[in-house]
Amino acid sequence: MKKGFTLAELLGVIVLISILVIVAVPSVINQIRRNVVKADEVVMVLLEEATNEFMRNNETIYPFNNNTTHCIALQQLADANKISPPIINPSTNVTIPLNYSMRVEIGNKGNAEITYTLVENC
């Protein structure tokens, strides 16, 4: 009696493994994409919170007045120990330069209407 697998058995196993890969790979790729988006959001929230705290500590220079815009360089946040460089962009895996700024726009409703934007030039 011969020992081993027949060609049909081997092909069956290969087909099953192929089906599992076809089903699993897109799901894994989508999960990775969702995690990168969430990581981007977390980085922005951390920068927003650091900027907000920096402005609160320096309200005479950066008042929370209606219809005002302030630009705070990431280097200023690092110097004030509000962030710890390097700051990595999760989407590109590239370090965000410290000469980039957080643009803070305060609307008509004061603190209730603040938008934060990471910009290269402010």
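Rank these for me by crowding, 120, 113, going from fewest to most other beta carbons within 10 Å.
Placing the least packed residue first, the sequence is 120, 113.
If you plug the beta carbon distance of residue 117 and residue 23 into 1/(1 + (r/R0)^6) with R0 = 41 Å, you get a FRET efficiency near 0.55.
Under 18 Å of direct C-alpha separation, and excluding same-chain neighbours fewer than eight residues apart, residue 38 reaches these aspartates and glutamates: 48, 49.
Run the numbers for residue 67 and residue 10: contour at 0.36 nm per residue of separation, minus the present Cα-Cα distance, in nm.
Values: separation 57, 0.36 × 57 = 20.52 nm, distance 7.08 nm.
Using 0.36 nm per residue and subtracting the Cα-Cα distance, I get 13.4 nm.
The relative contact order of the chain, computed from alpha carbon pairs under 8 Å that lie at least 6 residues apart in sequence, is 21 percent.
Every number in this text was worked out from the coordinates using simple rules, so none of it is lab data. Please read all numbers here as calculations on a predicted model, not as lab measurements. Cβ: placed from backbone, ideal geometry, glycine included. Neighbour counts: every protein chain shown.
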